[in-house]
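Report on the structure given below.
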């Protein structure tokens, strides 16, 4: 289990990052995660597994803010309509899948998932309690 003081400091660092830095962090994590996602879901070239992780991060607090939507467009290179279609695909199983992938992977994979989810959550300049709880669960 991560130390709560260090965890809270880490969450503050994400919240204090500027938008473009968070986009860069998220893109780096996507690049790290894609090969693993492809191994898990070869039929869909890893896309569905990666989107499960992304959508679990977006849904952590149950609210999609305008900044989060724009963030997904910038990170994934998608149109607004495509992001809306992705959001409509979300199921609660994606959160569980994200946690299981993090638990099954090595530290680098877990870090990439935490980095991606925390960047998504922090892009609207706050990490809500529900978002922090989800990130903490991934780290544990």
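In table form, for the structure just shown:
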{"item": "Within the stretch 29-48, tally of residues that are surrounded by 15 or more Cβ atoms within 10 Å (Cβ to Cβ) and either under 18 Å from residue 119 (Cβ atoms) or out of contact with any helix residue (DSSP H, G or I) (no Cβ under 9 Å at 6 or more places or on another chain) (or both)", "result": "7"}
{"item": "Residue count for the stretch 123-137, restricted to those that are more than 10 Å from the chain's Cα centre (by Cα), surrounded by 16 or more Cβ atoms within 10 Å (Cβ to Cβ) and either closer than 17 Å to residue 6 by Cβ or without any contact (Cβ under 8 Å) to a residue 24 or more places away in the chain (or both)", "result": "3"}
{"item": "Residue list for the stretch 47-66, filter: assigned to a helix (DSSP H, G or I), more than 11 Å from the chain's Cα centre (by Cα) and either at pLDDT 95 or above or closer than 26 Å to residue 140 by Cβ (or both)", "result": "48, 49"}
{"item": "Pick from the stretch 66-110, criterion more than 14 Å from residue 51 (Cα to Cα) and in contact (Cβ under 8 Å) with a residue 60 or more places away in the chain, ranking: surrounded by the fewest Cβ atoms within 10 Å (Cβ to Cβ)", "result": "108"}
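The values are calculated or read from the model by the stated rules, or taken from the named source; none is laboratory data. Everything numeric in this text was worked out from a predicted model, so none of it was measured. Heads up, the Cβs are rebuilt from the backbone with ideal geometry, glycines too, and the neighbour counts pull from every protein chain shown.
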